[in-house]
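One structure is given here, and the rest of the page talks about it.
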Amino acid sequence: MKYQIFFAVFLLIFLMNNKTFAAGIEIEDERATPEYWTAKNPDGDKLLFTYKQIDRLNTEILERDDYAADLMNYPETITADKLRAKIAKITDDVRLIGSQAVMANRNLNELQYDINVQYAVTTERVNIRLLPQPPTGEKFDKIQGTALDPAEPVAILWESKDGKFSFVQAKYYFGWVNKNSLAFTDRETWKTYIEPEKFLVVMTNKKFVNVNGKIILFQMGAKIPLQSSALENNFWVARLPIAENGNLKEVSAKVLNDENVGTDYLQPTKNNLIRQSFKFLGNIYGWGGLENSVDCSSLVQNVYRSIGIFIPRDADRQAGCVPIVSVFNDVTRAERVDIVRRAPVGSLLLMPTHVMMKLGNDESGTPIIIHSIGGSLRKVIVSDLNFSSASGALMIDRLTDIVFPR
């Protein structure tokens with residue numbers, strides 16, 4: 001999380017105070033269509049990886065990411081010292097943001113002994129917070145970490161002083177979540193949500209499912225557990241969690257069998273990365289998953305998980321966990337452009353406060369990207385890298401790394 005707080009504070013200044021940052025940069029011609037880019041890829045439907053390579057890559061990313069955890073083998077107890085350090089990792093750096101009461105709500109004075117891990121599943125889309133405090137309503141809420149989809153298993157490690165928040169470890173993130181969005185269960189049942197035997201994968205940007213009259217949202221790449229692998233009148237029957245007196249109860253929900261869901265991840269190809277990214281085009285910018293949408297890092301995270309590759313949520317963690325293609329050290333602008341031109345389609349272009357995905361090079365040889373941007377636009381757009389940041393530097397000059405799963 002070395003850039004997490006820097007990212008939040010800098011972005012507020014960098015984007016919100018600079019009204020011209022995003023103005024005039026959006027591409028709206030044929031380059032803002034997936035067909036333009038897939039037509040430029042004669043090998044676009046060729047597999048980029050074997051499934052064995054994807055498994056190896058996911059294992060390596062999981063091992064490199066200090067926010068992630070192997071839930072299937074998660075320990076049944078955690079020491080007070082280790083848990084205190086885990087809570088401090090995300091909250092000490094935001095001490096000036098949280099009030100004294102909010103900081104006290106972490107309940108650390110009571111954390112004296114080893115903790116027996118409890119188990120729960122999310123019953124709706126839920127925010128992971130860096131402090132036990134609900135969303136403030138701000139567009140760039142600095143206490144927002146990320147968002148989890150429904151039916152995601154979490155290890156319960158601690159409870160806030162007011163009893164309203166649980167400190168949880170999810171597979172790729174940890175932090176505070178609203179306890180009312182959790183259904184507690186036993187370890188064995190919990191494991192069936194870590195690796196469900198039968199499931200659908202969400203292929204669209206947003207998939208809404210009616211569960212006992214409540215509409216819940218899944219984002220691209222999320223798993224929806226199934227009761228069986230058989231269709232019923234062109235509907236799948238999902239096995240979804242609700243909370244009954246705080247405890248897990250499983251209910252059935254119908255999911256239409258259409259192009260918005262699949263029974264497995266998409267094939268890992270350049271064209272699928274392109275097609276999936278364009279499903280977010282025009283969506284509102286959602287800092288840390290707020291407003292039921294995506295920011296820059298969750299956009300590329302969701303695109304990649306739809307092909308079965310699980311990269312971290314935060315841009316700095318993506319830089320540290322995904323194999324590096326190029327590092328921009330002491331190179332001219334012309335050399336930078338050439339490096340980006342040669343980067344594979346689907347590459348992640350990183351800078352200290354942003355991540356973008358390369359779509360390809362247009363007819364003039366200009367590298368074109370898709371990204372979720374803040375500023376005055378606050379949406380997912382297609383652009384080039386030739387626009388100025390708040391400092392006056394072109395975005396091409398601010399790139400630090402290019403990473404690509406391989």
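Residues that are closer than 18 Å to residue 124 by Cα and not small (Gly, Ala, Ser) were ranked within the stretch 284-305; the one that is nearest to the chain's Cα centre (by Cα) is 302.
With respect to being of a type outside the set (A, V, I, L, M, F, W, C), open to solvent by less than 60 Å² (accessible area, probe 1.4 Å) and over 30 Å from residue 318 (Cα atoms), residue 221 falls outside the description. From the residues in the stretch 126-147 that are hydrophobic (A, V, I, L, M, F, W, C) and in contact with a Leu (Cβ under 8 Å, 6 or more places away or on another chain), which one is surrounded by the fewest Cβ atoms within 10 Å (Cβ to Cβ)? Checked the stretch 126-147; the qualifying residue surrounded by the fewest Cβ atoms within 10 Å (Cβ to Cβ) is 140. Selection of first residues in the stretch 59-76 that are without any contact (Cβ under 8 Å) to a residue 24 or more places away in the chain and under 26 Å from residue 188 (Cβ atoms) and of second residues that are assigned to a helix (DSSP H, G or I) and open to solvent by 10 Å² or more (accessible area, probe 1.4 Å), restricted to Cβ pairs under 6 Å at least 6 apart or on distinct chains, gives an empty result. Please go through the stretch 152-175 and give me each residue that is touching a residue at least 40 places away in the same chain (Cβ under 8 Å), under 18 Å from residue 246 (Cα atoms) and either open to solvent by less than 10 Å² (accessible area, probe 1.4 Å) or part of a strand (DSSP E or B) (or both), ordered by number. Hits for the stretch 152-175 are 153, 155, 157, 158, 159, 160, 165, 166, 167, 168. Inspection of the stretch 23-34 identifies no residue that is in a helix (DSSP H, G or I), at pLDDT below 95 and either open to solvent by less than 30 Å² (accessible area, probe 1.4 Å) or in contact with a strand residue (DSSP E or B) (Cβ under 7 Å, 6 or more places away or on another chain) (or both).
Pairs needed: first member in the stretch 126-147, touching a residue at least 12 places away in the same chain (Cβ under 8 Å) and in a strand (DSSP E or B); second member anywhere, surrounded by fewer than 22 Cβ atoms within 10 Å (Cβ to Cβ) and among the basic types (Lys, Arg); C-beta distance under 6 Å; at least 6 residues apart or different chains. Partner pairs satisfying both residue conditions: 147/125. Got at least one residue in the stretch 226-243 being outside any strand (DSSP E or B), at pLDDT 95 or above and under 20 Å from residue 148 (Cα atoms)? Looking for residues that are outside any strand (DSSP E or B), at pLDDT 95 or above and under 20 Å from residue 148 (Cα atoms), one finds none in the stretch 226-243, hence no.
Scanning the stretch 180-201 for residues that are open to solvent by 30 Å² or more (accessible area, probe 1.4 Å), part of a helix (DSSP H, G or I) and touching a residue at least 24 places away in the same chain (Cβ under 8 Å) gives 180, 187, 189, 191, 192. All told, residue 247 meets the bar of being open to solvent by 50 Å² or more (accessible area, probe 1.4 Å), out of contact with any helix residue (DSSP H, G or I) (no Cβ under 6 Å at 6 or more places or on another chain) and farther than 29 Å from residue 233 by Cβ.
When the strands (runs of 3 or more DSSP E) confined to the stretch 257-373 are screened for residues that are surrounded by 18 or more Cβ atoms within 10 Å (Cβ to Cβ) and either modelled with pLDDT of 95 or more or touching a Cys at 6+ places or on another chain (Cβ under 6 Å) (or both), those reaching at least 2 such residues are found at 348-351, 354-361, 367-373.
The values are calculated or read from the model by the stated rules, or taken from the named source; none is laboratory data. What you see is a predicted model, and the numbers here were worked out from it, not measured in a lab. Glycine also receives a Cβ, built like all others from the backbone with ideal geometry; neighbour counts cover every protein chain displayed. Protein only, heavy atoms only, side chains kept; ligands, DNA and RNA dropped before computing areas. Shrake-Rupley method; radii C 1.70, N 1.55, O 1.52, S 1.80 Å.
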